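One structure is given here, and the rest of the page talks about it.
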Amino acid sequence: MPDLSRYIDLIKKGNVVAFPTETVYGLGADAWNPTAIQKIFSIKGRPSDNPLIVHVSEEDQVHEFSDHIPNSAHTLIEEFWPGPLSLVLPKKTTVLDAVTAGLDTVAIRMPDHDIALELISNAGPLVAPSANKSGRPSPTRAEHVLVDFGEEFPVIDGKATKVGLESTVLDLTGDQPEILRPGSISRKEIEDILGYSVHESFFQHTDRPKSPGQKYSHYKPKAKVRWLEAEEKPKDQDCLYLLLTSDNPGSVNIVDFNNDLDQLAREIYDRFRQADLEGFSTVVIEDFQDMKHPIIPALLNRVQKAIG
Ligand code: TXA
Ligand code: MG
């Protein structure tokens with residue numbers, strides 16, 4: 001565990017600090033400090049109507065933000081926290097508008113990462129969007145944060161994150177739970193624990209999605225992103241190929257994932273950023289939709305947004 005005292009101090013003084021979680025790096029600020037939260041929006045260039053997720057280190061801290069915690073939330077917290085599941089709950093009136101972008105709900109999660117938990121238990125609950133400039137791929141390494149925000153930016157290095165895609169966002173404020181953003185905790189896992197079915201709304205195209213984040217362009221490298229065509233051979237030197245299997249894995253512009261979709265999820269944002277650093281015009285991804293794996297809806301959602 002690195003020494004966190006400098007970062008704890010920065011946050012307590014109303015500054016913004018980037019830190020690792022199990023999903024992606026977050027840009028953390030004190031959830032009760034409106035000036036610090038404004039800094040997040042301006043540093044990221046984030047639209048002001050896109051709410052933030054509150055990160056806690058103890059279940060009790062949820063009560064600071066919501067006093068309507070349904071049984072389903074208790075069941076899911078018991079099973080999945082700490083972990084990549086953000087729960088949308090009715091907010092207390094005291095929760096800052098800057099956190100919820102004026103909505104009457106608040107998203108909360110407990111990250112599964114020692115550094116994140118230690119930081120939160122010393123600096124208090126933190127709001128933390130992904131630590132990238134708005135629209136860019138989320139950061140999965142400390143270096144990515146420095147590329148977006150400059151070499152001097154305070155970031156706690158926790159090496160590469162283990163999941164690589166942002167948390168599942170689950171709305172518990174309606175009649176039936178609804179997945180607003182797919183993540184590594186799948187619909188089936190949630191349904192198995194709750195014992196009933198949940199909705200998904202992230203594939204609907206609407207100007208007013210329940211999760212404002214879904215209407216913005218996201219996760220995009222500068223390079224174009226497209227699917228590998230049927231029968232296409234990976235031979236264009238200008239393309240970075242992300243393939244499930246390859247006959248020619250030694251080639252510098254081919255990444256062979258050996259059919260491991262967890263690895264593809266873990267690395268996809270890093271590969272998007274690699275394409276930009278190395279000047280590839282296009283990232284070409286082999287279609288994985290015929291495979292069976294719980295990460296597929298989340299991965300597909302990110303690829304489709306990157307293709308945009
Ligand atoms: O894994 C993660 O969730 C990462 C790490 C750092 O924890 N954080 C993250 O935050 O991805 P961000 O701000 O990049 O994405 C938050 C998403 C957005 O799509 C936002 O619209 C949605 O969560 N969201 C936040 N609060 C909400 C609310 N009250 N109702 C509906 N959607 C909400
Ligand atoms: Mg984000």
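Counting only residues that are among the polar types (S, T, N, Q) and either open to solvent by 60 Å² or more (accessible area, probe 1.4 Å) or free of Cβ contacts under 8 Å to residues at least 60 places away in the same chain (or both), segment 291-308 holds 1 of them. Selection of first residues in segment 39-53 that are farther than 17 Å from residue 28 by Cβ and in contact (Cβ under 8 Å) with a residue 60 or more places away in the chain and of second residues that are open to solvent by less than 40 Å² (accessible area, probe 1.4 Å) and part of a helix (DSSP H, G or I), restricted to Cβ pairs under 7 Å at least 6 apart or on distinct chains, gives the following pairs, ordered by first then second residue: 49/212. Those strands (runs of 3 or more DSSP E) of segment 19-134 in which at least 3 residues are over 17 Å from residue 181 (Cα atoms) and within 15 Å of ligand 2 (Cβ to nearest atom), considering only elements entirely within it, cover 26-30. Across segment 170-196, the number of residues qualifying as free of Cβ contacts under 8 Å to residues at least 40 places away in the same chain and open to solvent by 20 Å² or more (accessible area, probe 1.4 Å) comes to 8.
For first residues located in segment 149-169 and more than 20 Å from residue 29 (Cβ to Cβ) and assigned to a loop (DSSP other than H, G, I, E, B), partners that are of a type in the set (Gly, Ala, Ser) and more than 14 Å from ligand 2 (Cβ to nearest atom) and lie 6+ apart or on another chain with Cβ distances below 9 Å form the pairs 159/142; 163/184; 163/265; 164/184; 164/265; 165/184; 165/265.
The single residue among 128, 142, 116 that is surrounded by fewer than 24 Cβ atoms within 10 Å (Cβ to Cβ) and of a type in the set (Gly, Ala, Ser) turns out to be 142. Checked against (1) open to solvent by 50 Å² or more (accessible area, probe 1.4 Å); (2) within 16 Å of ligand 1 (Cβ to nearest atom); (3) modelled with pLDDT of 95 or more; (4) in contact with a Leu (Cβ under 8 Å, 6 or more places away or on another chain), residue 156 passes all but condition (1). Screening residue 241 on (1) open to solvent by less than 10 Å² (accessible area, probe 1.4 Å); (2) closer than 30 Å to residue 106 by Cα shows it passes everything except condition (2).
The values are calculated or read from the model by the stated rules, or taken from the named source; none is laboratory data. Source: prediction; values computed, not measured. We place every Cβ from the backbone using ideal geometry, glycine too, and count neighbours over all the protein chains shown. All accessible areas refer to the heavy atoms of the entire protein, side chains included, with ligands and DNA or RNA removed. Shrake-Rupley method; radii C 1.70, N 1.55, O 1.52, S 1.80 Å.
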